[in-house]
Each structure stands twice: as C-alpha cells, then as structure tokens.
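The values are calculated or read from the model by the stated rules, or taken from the named source; none is laboratory data. Because the structure is predicted, anything quoted here is derived from the model rather than measured. Methodologically, a virtual Cβ is constructed for each residue, glycine included, from the backbone with ideal geometry; neighbour enumeration extends over all protein chains shown. Side chains are part of the model used for accessible areas, which takes the heavy atoms of the whole protein and leaves out ligands, DNA and RNA. Shrake-Rupley method; radii C 1.70, N 1.55, O 1.52, S 1.80 Å.
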Amino acid sequence: AAGQRGAVNTGGGGGGSKSVVPNPYPYGGSGLVAIRYQIASLTATAKASGGIISFYNDKTIHTFVNSGIFVTPGPFSETCEYAIIAGGGSGGRSENGGGGGAGGYLTGTTPIGNSQTISVSVGEGGNTPKLTAMGDQGGNSAVGFPAGTITATGGGGGGFDDGPNSKLGDPGGSGGGNGGGPQTQGGPQEGTSGQGNGGGEGSPSANPGGAAGGGGGAGGAGGNAPTNHPPAGAGGVGVQLPATFQDPHMATALGYPGPGGTSYWVAGGGGGGGAYNGTNPGGG
C-alpha cells in the first residue's frame, strides 16, 4: 500500500500510503545543485573545483549530488548559472496519506570572483522512519554565493486522516498533500513563492470512500481527490532543467524521464494515497 519514493537527486516528493508502518517508507527524493560557466580553453579544462565536472556547449558544469564546496582559483571571474533543488517531502503514512511536496526549485545567475570557497548544501529527501503518520519535510539546499546565500526550501510532508489526530499537509518548497477524510479539510498547504506550488485537497469522504491529495510540484499544484470513489490526487507536475544543463554526455543524467519520454525533469510532487480498503487507486 506504500507509494513509491521520490527519485534520488530530483527533489521529488514521496508517495502517500495507508499504513502507519509501510515497508518501504515513502521517502522523498534528495536534492541537487548545479553551477555552470564558460570553459577555460578549447581543451575543456575546468577553472574551478568541486562536484561532478562535465563540459557541454562550451561551458563547464559542476554538479553536486551531495554537500561539498565549490572552489575558484586566483584568476577567476565568471557570471555563473545555477540550478538549486531541495529535498522532497515524504508522503503521509496513515489512512489516506497525502503525497509529499517537491523540494523548492530555483535557477538564475550570479557573479563569482577569484579565490572563493563556497559551501554547497544538498538537501536530503524526507525519510525519517518514525512511527508517526505525518510525512517528513525535505532538507533545504543552499549555496553560499559571494553575493548572498541562496536557499531552496525542502518539500512539505504529506498529511493523513486518523480522526481527531488527523493533520493537513505541511507547507514547504512545494506543499504536501492533505490526507483524505472529513478531518483533513482546511485548504491546501502552499508552496514557497517562486519555488513551488501547493498540495492538493483530500476527499472529504470518510474511509473507505476517501483518498488523499497529491503533493505540489515545481510546475503545478498537487491534484485534489474528488468526493465520490475517486482515485487519489496526482502529484503536481515538475519542471525540466534549463536546456543549458541538459548534457547528454554525463555519466549520470540529471533529472528523470517525464512527459513525452523527454528527460531532465525534476521537482515533481508525490501522488496521494488511496482509500483504506484499497478500492480507490493512488495518485500518479
């Protein structure tokens, strides 16, 4: 009955489930940071160090799938492009658990000068295996650029329906979906402005008719679960990484296949959990 976990290094939200102790836990996917600038020469050598280094379209890309440091040498002055994705939230773990929200997604450019040591933090997916029904928030991803630290907010955990103990989804980079049932109707949990979208509402029907809302994604809100014998709400759509980061020669391609079979998709929301008796399917 457990939803699928969010894909590693995409910031995707984890799926909801119906069991308090599902196996495996519906973890969120960890985040990602990538930094890009002009290559040093026609021989494609990197000017800076840190992360997984690749060369594409006359640019150097440093990809961090774990926390680390980005170090520039003495003669360095570049306007760097970045993509920062926080960890996705995990799904709710009880009756009609809501989908986890995607990690916050940010892109832009910033100047970086010489002799800089820049800390890079890559957020983990929400995955604490607690015997609680509430989904966990994903970890923040942050980069301490010279012009100021830029932080992507971890995705919100999915809510759940358990009578008086029910909880709505949490806000985050994208908000977690609400659980299904009459106790979890209170408006969607919002995403962080400029980073993501809100989670979906669960069905107001009590078990076994209820189903949960999907977690929000960077490209759209989480789906609501209809009232009458619904499938659960789908996770909010993600976004494609900028074309400048879509290096087909990387040993480990960034992102994940998405609509139309195209790749490089990140920060999708987790699908909501289906109904208690299993007759209502979970959200995609």
Exercise. Can you find a residue in region 36-51 that is under 26 Å from GLN195 (Cβ atoms), of a type in the set (Val, Ile, Thr) and in contact with a strand residue (DSSP E or B) (Cβ under 6 Å, 6 or more places away or on another chain)?
Worked result: no
Exercise. Only one of GLY156, GLY139, GLY123 is closer than 30 Å to GLY74 by Cα and either without any contact (Cβ under 8 Å) to a residue 12 or more places away in the chain or not aliphatic (A, V, I, L, M) (or both); which?
Worked result: GLY123
For this session: Could you tell me which residue of region 97-118 is nearest to ALA83 (Cα to Cα), considering only residues that are touching a Phe, Trp or Tyr at 6+ places or on another chain (Cβ under 6 Å) and open to solvent by less than 20 Å² (accessible area, probe 1.4 Å)?
Result: THR110
Exercise. When GLN183 is evaluated against the numbered criteria (1) within 14 Å of PHE160 (Cα to Cα); (2) at pLDDT 85 or above; (3) open to solvent by 10 Å² or more (accessible area, probe 1.4 Å), which criterion, by number, is the only one it fails?
Worked result: (2)
For this session: Restricting attention to strands (runs of 3 or more DSSP E) lying wholly within region 13-78, give those where 2 or more residues are at pLDDT 85 or above and open to solvent by 60 Å² or more (accessible area, probe 1.4 Å).
Result: 52-56
Exercise. What is the number of the single condition among (1) outside any strand (DSSP E or B); (2) open to solvent by 30 Å² or more (accessible area, probe 1.4 Å) that GLY156 does not meet?
Worked result: (2)
Seminar exercise, completed: Note on ILE150: of the conditions (1) over 28 Å from GLN189 (Cβ atoms); (2) open to solvent by 10 Å² or more (accessible area, probe 1.4 Å), unmet is (1)
Exercise. Does any residue of region 81-94 turn out to be more than 18 Å from GLY194 (Cβ to Cβ) and not in a loop (DSSP other than H, G, I, E, B)?
Worked result: no
For this session: Test ASN140 against the stated conditions and say whether it is of a type outside the set (D, E, K, R), over 22 Å from ILE85 (Cα atoms) and surrounded by fewer than 24 Cβ atoms within 10 Å (Cβ to Cβ).
Result: no
Exercise. Going by the structure shown, is ILE84 touching a residue at least 40 places away in the same chain (Cβ under 8 Å) and either buried (at least 18 other Cβ atoms within 10 Å of the Cβ) or among the small types (Gly, Ala, Ser) (or both)?
Worked result: yes
Problem set entry | Breaking point among (1) modelled with pLDDT of 80 or more; (2) open to solvent by 60 Å² or more (accessible area, probe 1.4 Å); (3) β-branched (Val, Ile, Thr), for THR10 | (2)
Problem set entry | Of all residues in region 233-261 being open to solvent by 60 Å² or more (accessible area, probe 1.4 Å) and in a loop (DSSP other than H, G, I, E, B), the one that is modelled with the highest pLDDT | VAL237
For this session: Would you be able to say whether some residue in region 161-180 is open to solvent by 40 Å² or more (accessible area, probe 1.4 Å), of a type in the set (Asp, Glu) and not in a loop (DSSP other than H, G, I, E, B)?
Result: yes
